[in-house]
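Participant: Input: one structure, supplied below.
The values are calculated or read from the model by the stated rules, or taken from the named source; none is laboratory data. If you're wondering where the values come from, they're calculated on a predicted model, not measured in any experiment. We place every Cβ from the backbone using ideal geometry, glycine too, and count neighbours over all the protein chains shown.
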Amino acid sequence: MPIPHNMPAIDRHLLREDVYQRLRDAIVDGSLAPGEQLRDVELAARLGVSRTPVREALLRLAEAGLVVAQPGRSTTVSSLNLRDIREARDVVAAMHELAVREAVGGLTEADLDAMREANDRFRAAIERGDVEAALRADDELHGIPVRVASNRALTSVLDQFTPVLRRAERLRFSSLGGRASLARHDNLIRLCAAGDADQAAAVAFDTWRTLPATVE
């Protein structure tokens, strides 16, 4: 049967991004363990895609430090060390500081309400011990200034290095550190609403810079 002329083409960018995100998330949540060998043929078969988007995803993951690629030999999930986490933490903190500084003047009341609502969901998740829900709410809250700042270079850096910090975020949100994040979120939103870009940016930096540098 001939393919209809009006059939929409597959968005290859979305395919590449989906493969990258699924492999990244599997590494971050431990489904793909440190030291595990990653074969593009096997991964492509498991994901139901060609080898090309898998290879591209592995290259991006290597740039982020989540896998170690040895050309012509093998690719394995990396065992992150303290230096990897500290460096990623400092870069991510600086990017969020910049995002908030650039975004404060452009945040609408709807944006601020969305940040408050995300923080309410974060609070509820912390209280019931739901780390995954806390991570999602935290991502949404901090993602609003990033979106409003609309700095593509900044967003690209965050996309590359934030996954390295997931283990540290999980440790914080599963402990009393999660409640400290609530206070920082409240302060961040208050300062953003007041239009205090410098102080809001400082709080954003502190929120990320105080993540535990851990490999546990």
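Participant: Does at least one position in the range 185-192 carry a residue that is at negative phi, at pLDDT 95 or above and either in the same structural domain as V28 (by TED's automatic domain parsing) or among the basic types (K, R) (or both)?
Facilitator: Within the range 185-192, one or more residues are at negative phi, at pLDDT 95 or above and either in the same structural domain as V28 (by TED's automatic domain parsing) or among the basic types (K, R) (or both).
Participant: State whether the residues of the range 96-114 include one that is in contact (Cβ under 8 Å) with a residue 12 or more places away in the chain and farther than 18 Å from L191 by Cβ.
Facilitator: No - not one qualifying residue is present in the range 96-114.
Participant: Filter the helices (runs of 4 or more DSSP H) completely within the range 149-207 down to those with at least 1 residues that are surrounded by fewer than 16 Cβ atoms within 10 Å (Cβ to Cβ).
Facilitator: The qualifying helices (runs of 4 or more DSSP H) are 152-161, 177-194.
Participant: List pairs: first in the range 23-52 and farther than 16 Å from R73 by Cα and in contact (Cβ under 8 Å) with a residue 12 or more places away in the chain, second in a loop (DSSP other than H, G, I, E, B) and of a type outside the set (A, V, I, L, M), Cβ under 6 Å, 6+ apart or cross-chain?
Facilitator: Partner pairs satisfying both residue conditions: P34/S79.
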